[in-house]
Amino acid sequence: MAASILKTIACATARSTLPKTFRISTFMHLKVQKRGYDQYRMRYLKEMYQKRLDVGPEKQRRRSEWINWNYDAEIYAFGQRLGEEFNESTLRQAFINRSYVEGERKKREELGIDIEAVPLQLEDNTELAEEGFALMSSYVKVYLRNIYPYMFEEGISAVHDYLTTDKMLAHIAKHVGCEDLILSEEFPVLESTLSTAFKAVIGALFNDKGQEQAERFVRDFVITQLIEKDINELWHIVNPMGLLKAMLSLNGKGEPEPRLLWKSGANTIMSLYWVGIYSDKEFIAKSPGETVLIAEEMAAREAIKRIMKTDDSRAPLIIGRAAENLMLDYNRVNISAEDIIQKFYEKSHSEKNSSTS
Amino acid sequence: MAHNRVMQWAVLARTWWIYDANQQCPFRSAYRLTTYLQGLHKPVYHRHGDVGDHVVVFNTRHIAMRGEFWRTYKHFHHTRFAGGFSRASAYRVHEEDPTRILERACHNRLSGLDNKRTLMKRLHLFPDEEIPEEILENVTGQIQQVQAIPKKLEDYSQREIDSFPRLFKMPEDYDIESYKRENRLEPDQHTSKAWRLK
């Protein structure tokens, strides 16, 4: 009894404390009647639906076109969100695209303002982006070379290219929150614009806080995109067996010899073959496949993965707090697969010549 | 590239197993074979995943039943018409179709599964040792038999039989041949009239 009384009191107070700015017109049609049938509601909703179809979809607008937009606060919040202390003017410059500066200049010309008398104090982010990209590009390569010291230089480049494409950088920039801050003529913002802005943010950090902080930023936001990604799939090896043959020969081992280890369902559509690769009667790697040829090629790839020490049992990437004390060798260059193949051919040619003479 | 694709292929590809049903209990065999048919032996098994293997069984004509089961174990059937019920002893069914007993045993083992018919299609039964070549080429693994094959009296040499220690001597007038007599007059009480041996 007491509980029910309390409940009614609570209801009554809730109703009496409704805000005065409550807009009844937008709310009432959502209210469900309990004791009747609202015969006009369905017609009303249908009408509204038809109107929306006639008018078409809502026009895409910049976030800054709404009234509750404070660019200064957003610029400040951007740095705070990422835990970085930017110099405000540098960060502002990082978001100014070249098209925006040109647009502003054109507007002034149309208005008849002399640009030399009243200079346009705007600088675009092109230079910052170049600086940022140079730093990011070199750090990504240095980091990968040190983490995967046995990976071929071509593989390192492939992973680097994957990380520094416009698409990937635009993806990062979008999710870090650059899209609303960018000042550019075109809308919606292009991938290239987003990527330039992200590079410029790195450049701005490099100018303001130095190399170490900028590299930490790259590690936290760019290299982390490799998580859950198989780096072996990023580099397409055209002739894995040829590369394996060259590697084994230069290490003084015998030629790779593929052997059929196991097969099942040979006459069915789901046939399976396991091929192993041996050198000097020693097992190197094995792999499955739908046919013997596919399995053999895959086994060669598996062998190369083992040589590069990037096989499936590799250690996870060192990122985050563990990477703070990473001792990176900035001058390191890994072995190149092209060099190995060239050496192998020179060696085989000289052997042939010596045997004939 | 694409090495992960073939790894997945290897996980999901179906293996073909072979099983020799010679002198094996059909019910205990069914327990083992349905494990392979459903894929219960795989770490990736899930009820809703289709990961079962193929099983090839030969020598189903030579299965062994314990006790009096050849006579007392029944197969039932109803045509759903009035009076359409019939039943048959296991030995009678076995005469009609030598793969039937093992097939029904596996079928009953899988009762309650939605994909029972799909699984049963992956069970290949052959009454004798002859298996088509294209099926034999698919086979990779062998399933262990459920019981050791017993040695029959015929397999012992006469010398071994004679040297076996005799505990007592039969009386001279003891009839030891009578169990071999064909008792045609006695009807098979356990089989419906329609199915009885003529």
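The values are calculated or read from the model by the stated rules, or taken from the named source; none is laboratory data. Since we're looking at a predicted model, the values are computed, not measured. In this analysis, Cβ positions are derived from the backbone assuming ideal geometry, glycine residues included, and neighbour counts consider all displayed protein chains.
Structure notes:
- For A:ALA77, the conditions (1) surrounded by fewer than 14 Cβ atoms within 10 Å (Cβ to Cβ); (2) part of a loop (DSSP other than H, G, I, E, B) all hold with the exception of (2).
- Taken together, A:LYS253, A:LYS263, A:LYS281 contain a single residue that is under 30 Å from B:HIS54 (Cα atoms), among the basic types (Lys, Arg) and either assigned by TED's automatic domain parsing to the domain that holds A:VAL159 or out of contact with any His (no Cβ under 7 Å at 6 or more places or on another chain) (or both), which is A:LYS263.
- Answer residue from the stretch A:232-278, given it is within 9 Å of another protein chain (Cβ to nearest Cβ) and aliphatic (A, V, I, L, M) and is farthest from B:THR140 (Cα to Cα) among those: A:LEU234
- Looking only at residues of the stretch B:11-35 that are within 14 Å of chain A (Cβ to nearest Cβ) and not in a helix (DSSP H, G or I), we find that the one that is surrounded by the most Cβ atoms within 10 Å (Cβ to Cβ) is B:TRP16.
- Which listed residue, of A:GLU351, A:GLU257, is surrounded by fewer than 12 Cβ atoms within 10 Å (Cβ to Cβ), over 30 Å from A:ALA214 (Cα atoms), over 37 Å from the mean Cα position of the chain (by Cα) and acidic (Asp, Glu): A:GLU351
- Which listed residue, of B:VAL6, B:VAL56, B:VAL51, is surrounded by 19 or more Cβ atoms within 10 Å (Cβ to Cβ), more than 30 Å from A:PRO240 (Cα to Cα) and within 14 Å of chain A (Cβ to nearest Cβ): B:VAL56
- Residue match in the stretch A:170-179 (condition: within 14 Å of chain B (Cβ to nearest Cβ), modelled with pLDDT of 95 or more, under 11 Å from the mean Cα position of the chain (by Cα) and not in a strand (DSSP E or B)): no
- If you check B:THR79, B:THR99, B:THR118 for being polar (S, T, N, Q) and touching a Pro at 6+ places or on another chain (Cβ under 9 Å), only one passes: B:THR99.
- Within the option set B:ARG117, B:ARG92, B:ARG109, being closer than 30 Å to B:VAL51 by Cβ and in contact with a helix residue (DSSP H, G or I) (Cβ under 8 Å, 6 or more places away or on another chain) holds for one residue only, B:ARG109.
- Scanning the stretch A:83-99 turns up no residue that is surrounded by 10 or more Cβ atoms within 10 Å (Cβ to Cβ), more than 30 Å from A:GLY210 (Cβ to Cβ) and at pLDDT below 90.
- Taking each residue of the stretch B:111-126 that is part of a strand (DSSP E or B) and looking for partners that are hydroxyl-bearing (Ser, Thr, Tyr) with beta-carbon atoms closer than 8 Å, six or more apart or interchain, yields B:LEU125/B:THR60; B:LEU125/B:THR99.
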